[in-house]
Amino acid sequence: MKKSHKSEKVNSAIKKALSEIFIYDLPIKDNMITVVRVETSPDLSKSDVYITALNDAEKVAQELNSKSGYIGHLLGNRIKIRKIPQLKFIPIPHTV
């Protein structure tokens, strides 16, 4: 199914804003998080955020999911959108 222009713009804005949040507002000690991809539902109610981390992506994803409400609040301060989607962080295994 082809993604709409609106959902692509929302995905891009969320990805950029989350990357900035993980650098400036919510750095994880001794770790670096990369937002690889964001997929938002067509009704913009939920977003799956695919991440990688330098150390233990599974643990980082669990920590971010527990803070998803606060991260959503920070996201709302950075992007202009009527309703901030519910965020779900999904780790992508780090391969060497």
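Do we have any residue at all in segment 32-47 that's without any contact (Cβ under 8 Å) to a residue 60 or more places away in the chain, of a type in the set (Asp, Glu), surrounded by fewer than 15 Cβ atoms within 10 Å (Cβ to Cβ) and under 21 Å from residue 10 (Cβ atoms)? Yes; the residues of segment 32-47 include at least one that is without any contact (Cβ under 8 Å) to a residue 60 or more places away in the chain, of a type in the set (Asp, Glu), surrounded by fewer than 15 Cβ atoms within 10 Å (Cβ to Cβ) and under 21 Å from residue 10 (Cβ atoms).
Yes/no per residue for (1) in contact with a Phe, Trp or Tyr (Cβ under 7 Å, 6 or more places away or on another chain); (2) more than 16 Å from residue 78 (Cα to Cα); (3) among the basic types (Lys, Arg):
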residue	(1), (2), (3)
14	no, no, no
17	no, no, no
21	no, no, no
30	no, yes, no
34	no, yes, no
39	no, yes, no
44	no, yes, no
49	yes, yes, no
52	no, yes, no
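Identify all residues within segment 16-31 that are of a type in the set (A, V, I, L, M, F, W, C), surrounded by fewer than 17 Cβ atoms within 10 Å (Cβ to Cβ) and part of a helix (DSSP H, G or I); write none if there are none.
Keep residues of segment 16-31 that are of a type in the set (A, V, I, L, M, F, W, C), which gives 17-18, 21-23, 26, 28.
Checking the rest, the ones that are also surrounded by fewer than 17 Cβ atoms within 10 Å (Cβ to Cβ) come to 23, 26, 28.
Hit for segment 16-31 is 23, nothing else.
Residues in segment 63-70 include none that are among the polar types (S, T, N, Q) and in contact with a His (Cβ under 7 Å, 6 or more places away or on another chain). For segment 4-37, filtered to residues that are farther than 17 Å from residue 90 by Cβ and of a type in the set (S, T, N, Q), the residue that is farthest from the chain's Cα centre (by Cα) is 4.
Looking at this structure, is residue 48 more than 21 Å from residue 81 (Cα to Cα) and either of a type in the set (D, E, K, R) or part of a helix (DSSP H, G or I) (or both)? Considered against the rule, which asks whether it is more than 21 Å from residue 81 (Cα to Cα) and either of a type in the set (D, E, K, R) or part of a helix (DSSP H, G or I) (or both), residue 48 comes out as no.
When only residues in segment 48-83 that are of a type in the set (Lys, Arg), within 25 Å of residue 9 (Cβ to Cβ) and more than 14 Å from the chain's Cα centre (by Cα) count, which is modelled with the lowest pLDDT?
Quick first cut of segment 48-83, residues of a type in the set (Lys, Arg) only: 59, 67, 78, 80, 82-83.
Next, from what is left, pick out any that are within 25 Å of residue 9 (Cβ to Cβ): 78, 80, 82-83.
Now narrow it down to the ones that are more than 14 Å from the chain's Cα centre (by Cα): 80, 82-83.
Working: 80: 89, 82: 85, 83: 89.
Once the filter is applied, the top-ranked residue is 82.
The values are calculated or read from the model by the stated rules, or taken from the named source; none is laboratory data. Everything quoted here is computed from the prediction, not taken from an experiment. With ideal geometry, Cβ positions are generated from the backbone for all residues, glycine too; neighbour counts draw on all protein chains shown.
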